[in-house]
Amino acid sequence: MQLWFSRGTEVTLRDQLVTQVILGILCGDLAPGQRLPSTRELARRFRLHPNTASAAYKQLEKARWVEFRHGSGIYVRETKPDVELSPELALERMIASLFAGARGLGLPRDAVRARLQRWLDMQQPDHFLLVEPDKELREIVVAEMRAAVALPVRSCGLEECRAEETSAGAIAVSLPSKAAAVRQALPAGVELLTLSVQSAGASLAPWVPGPSGVLVGIASRWPEFLKLAHTMLLAAGFPAEGLVVRDARKPNWRRGLRETAGVVCESVSALELPKECRAIVFRLLADGSLQELQSYEKLLREAHLPAV
């Protein structure tokens, strides 16, 4: 086990030794039954006073982390003491695990330290930023994201995202068709999460085959949704004369929708339908993407970011 000692700090050398031995046991660097260096070895290798090393070992023995074997030395106990770690020691354990993992990858301590400092100096993400050139599509996707996460969700176009102040503190997200363009436009170092879209066929499956003799509405403020829904419903066997298509950006777009059996729409237009209409809402974002957004949110929450 590698030990480090920092002199001239408020933490005594004895406490530094005690903490490192405990963390070594907790992280598996020190195995049960492993022999520890003698007080004389520690004094010689790390320029410690023998009394300092001896006092640290006595403290560890009292806390049941190690045991003295007469005429043999000091050993890690076969079982760890049943104690609740203090928040400080729990944090030390996480840091020790990080450095142990870095050693396993062959990374030098200076590289890990520099990377940690860079991470600490960065503004940590506190919101999602949807980058989408199509304004109508942008509103729909933002509404679906806001329904799935508690973090703030903002949005912008492709040109706006080039400014560093726009993407500062954001986890940028985009739809797969725009991912390459968005990644190229974003400032260096900004993380991009690519969302997946829902399968139109899977969304439509519960409504297939299409019933005859009924009117079905299609309403959206996004032209591509109108085109896609119209095509899919025709392919599923709904008669063309039974489809009532309405562009929600136009005046009087609700006309005739009250007479339909249901209105196929996206989440934004669904909120604007007449109360008498039955909304059949097709979500654009796939379940997996919504779960991924929630996972990111959970990570930020666990990091105790103030904005969450």
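The values are calculated or read from the model by the stated rules, or taken from the named source; none is laboratory data. Nothing here was measured: the structure is a model prediction, and the numbers come from that model. Neighbour counts are summed over all protein chains in view; Cβ atoms, including those assigned to glycine, are modelled from backbone coordinates with ideal geometry.
Things worth noting here:
- Single residue of segment 50-68 satisfying the filter (touching a residue at least 12 places away in the same chain (Cβ under 8 Å) and surrounded by fewer than 14 Cβ atoms within 10 Å (Cβ to Cβ)) that is nearest to Arg7 (Cα to Cα): Ala63
- Those residues of segment 174-206 which are at pLDDT 90 or above, over 21 Å from Ala143 (Cα atoms) and not in a helix (DSSP H, G or I), in sequence order: Leu186
- Which listed residue is over 30 Å from Leu23 (Cβ atoms), in contact with an Asp or Glu (Cβ under 7 Å, 6 or more places away or on another chain) and either exposed (fewer than 13 other Cβ atoms within 10 Å of the Cβ) or among the basic types (Lys, Arg) (or both), from Arg154, Arg138, Arg146: Arg138
- Single residue of segment 241-265 satisfying the filter (within 16 Å of Pro223 (Cα to Cα) and out of contact with any strand residue (DSSP E or B) (no Cβ under 8 Å at 6 or more places or on another chain)) that is surrounded by the fewest Cβ atoms within 10 Å (Cβ to Cβ): Pro251
- Selection status of Pro187, of a type outside the set (Val, Ile, Thr) and within 13 Å of Ser289 (Cβ to Cβ): no
- For segment 11-33, filtered to residues that are closer than 18 Å to Gln59 by Cβ and of a type in the set (D, E, K, R), the residue that is modelled with the lowest pLDDT is Asp15.
- Summed over segment 33-49, the residues that are in contact with a helix residue (DSSP H, G or I) (Cβ under 8 Å, 6 or more places away or on another chain), farther than 12 Å from Leu13 by Cβ and touching a residue at least 40 places away in the same chain (Cβ under 8 Å) give a count of 1.
- Residue count for segment 1-18, restricted to those that are among the aliphatic types (A, V, I, L, M) and part of a loop (DSSP other than H, G, I, E, B): 3
- Among the criteria (1) of a type in the set (Val, Ile, Thr); (2) farther than 15 Å from Ala96 by Cα; (3) surrounded by fewer than 19 Cβ atoms within 10 Å (Cβ to Cβ), the one Thr19 does not fulfil is (2).
- In segment 99-168, counting only helices (runs of 4 or more DSSP H) that sit wholly within it, the ones holding 2 or more residues that are of a type in the set (A, V, I, L, M, F, W, C) and within 20 Å of the chain's Cα centre (by Cα) span 109-121, 135-148.
- Residue, surrounded by the fewest Cβ atoms within 10 Å (Cβ to Cβ), within segment 122-135, restricted to residues that are charged (D, E, K, R) and under 14 Å from Val268 (Cβ atoms): Lys135
- Criterion violated by Ile171 - all others in (1) under 18 Å from Leu293 (Cα atoms); (2) outside any loop (DSSP other than H, G, I, E, B); (3) at pLDDT 90 or above; (4) of a type outside the set (S, T, N, Q) satisfied: (3)
- Filter result for the condition that a residue is on the phi < 0 side of the Ramachandran plot, of a type in the set (Ser, Thr, Tyr) and at pLDDT 75 or above, over Ser72, Ser86: Ser72
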